[in-house]
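A short reminder: the numbers here are calculations on the coordinates, not readings from a lab. If you're wondering where the values come from, they're calculated on a predicted model, not measured in any experiment. Cβ sites come from the backbone with ideal geometry, for glycine too, and all protein chains shown count toward neighbours.
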Amino acid sequence: MSPVTMNYIGRFAPTPSGPLHLGSLAAALGSWLDARAVGGRWLLRIEDIDPPRCPPGADDTIRRQLAAFGLEWDGEARYQSRRGDAYQAALERLIDIGMAYPCGCSRQEWQRYGHYPGWCRETPRHPERPQAWRLRGDLGINPVIWNDRLFGEQRFDPTALGDVVLKRKDGLWAYQLAVVVDDADQGVTDIVRGFDLLDNTPWQRQLQAALGYPEPRYLHLPLILGDDGQKLSKQNLAPPIPQDSDSARPLLHQALQLLDQQPAESLRLASVEEQLAEALDNWAPASLTATPTRAGSLV
Ligand code: GLU
C-alpha cells in the first residue's frame, strides 16, 4: 500500500433518488479505493436538495448498501437538506461580487438557443414572476481548464455552456452551487465520480474560483453502459445492488472489473473485506482506460 497521505479527503455524494445500482456502486468504489489506498479520509454526503425526487428512506437504503459492500465512511454522513444557510451565504457573496442575477425566464422562452442566453444579466425581463438565480458565466474564469487524472487536459469555453441555475424559482438549491459549497466546506481534495458528471465541472470550477475556494483534483471514472449501450442508470432499470454482504460478494467482484481490475476468479465469493484488501493493493488509477465499459459483458 502507498504511504499514508494525510491530506487526502474524498467523498461519495449520491442523490438519494433511489437505491444504488452497479454504476453508482462503481463510482463509490472508485472513490473509496482512491482515498483508502493513500490512507485518506472518505466522506458520505447525501445530496437530498430536491425532495420531490428523493423517496423517504432511500438514504437509509444507500447507507445499508455501502455497508454491505464494506465501503465505510468517516464520521457522520452530511445531509444537504440541512445546509440551506451555507448555500444562501455563498449565493449572497456571488450577488455582492456581481456574479449572480435573478431571472424569471421560462425554459420554453429560451430553449431554441440550446442554453440560456443571459437575457436577465443586467435587468430582469420578468420581475413580476418568481425568480431563479443564475451564475454570470461570462464574468467567470474563461477558458476553464483543468487536468482530469484520467481524461487529461479539459478546456471549456463557459460562454458556450450558458448561465447555470444556482437557486431554482421554487426556492430549491441547485446541484452546482450545493456541491461546490460542501466540497470546499468539507475540505475535499479529490473528487472521484462518474464520467457523466465531467461536463458539470466547468461550472463548478467557475464557482470555486469566484468564491475563492481551492481547486480539487478530479478523476472521472469510465462510463458504464448497460446492455442497451446506454449509460447504466435507474432509467434503464439497472437493478438495485443488494443490502447484505453475502449477496454483495459477486457484485463487488464485477464492480472491480468495471474499474479495470482483474480480481482472481477465486475471489468472486470471497468476503467483501478480503476483496477490498486485494483491490487496495492493486489500485492503480493511472492505468484505468478511458473507454466506456459494458456492464452486461461481465455478468
Ligand atoms: N449527487 C450527484 C449524483 O448523484 C453527484 C455529485 C458529485 O459526485 O459531484 O449524480
>> If the elastic network links every pair of Cα atoms under 10 Å, which of Gly137, Gly229, Gly118 fluctuates the most in the Gaussian network model of the chain?
In response: Gly229
>> 7 Å from Cα along Cα→Cβ at both Ser106 and Arg121: what's the point-to-point distance in nm?
In response: 2.5
>> In whole Å, what are the extents of the range 122-188 along the principal axes defined by its C-alpha atoms, from largest to smallest?
In response: 46, 28, 16
> Which shape class applies to the chain: rounded if a/c is under 1.5, otherwise prolate when a/b exceeds b/c and oblate if not, where a ≥ b ≥ c are the square roots of the Cα gyration tensor eigenvalues?
Replying inline: prolate
>> Which one, Asp60, Asp74, Asp170, has the greatest fluctuation when you compute a Gaussian network model over the chain with C-alpha springs under 10 angstrom?
In response: Asp170
>> What does the C-alpha gyration tensor say about the overall shape of the range 65-120? Classify as rounded when a/c is under 1.5, otherwise prolate if a/b is larger than b/c, or oblate.
In response: oblate
>> List the residues, sorted by chain then number, that are 5 or more residues from Ala100 or on another chain and whose placed amide H is less than 5 Å from its amide H.
In response: Ile95, Arg136
> Each residue of the range 97-113 in turn: what ³J(HN,Hα) in whole Hz from Karplus with 6.51, -1.76, 1.60 and θ = phi - 60°, glycine and Pro shown as x?
Replying inline: 8, x, 9, 9, 9, x, 8, x, 5, 9, 3, 4, 5, 10, 5, 5, 8
> In nm, to one decimal, how far is the modelled label at Asn7 from the one at Asp185, with both set 7 Å along Cα→Cβ?
Replying inline: 2.4
>> Less than 14 Å from a label point 7 Å out along the Cα-to-Cβ axis of Ile141: which backbone N atoms in the range 32-62 qualify, by residue?
In response: none
> So, in Å, what gap is there between the alpha-carbon centers of the range 177-228 and the range 104-128?
Replying inline: 26
> So how far apart, in nm, are the two label points at Arg82 and Thr289 if each is 7 Å from Cα heading toward Cβ?
Replying inline: 4.4
> So what is the calculated 222 nm ellipticity per residue for the chain, using -39500 (n - 2.57) for each DSSP H run with n of 4 or more, over all residues, to the nearest 500 deg cm²/dmol?
Replying inline: -9000 deg cm²/dmol
>> If I take every Cα pair under 8 Å that is 6 or more residues apart in the chain, average their sequence separation and divide by the length, what percent do I get for the relative contact order?
In response: 22
> Of the residues Ala174, Ala89, Ala37, which exhibits the maximal mean-square fluctuation in a Gaussian network model of the chain defined by a 10 Å Cα contact cut-off?
Replying inline: Ala89
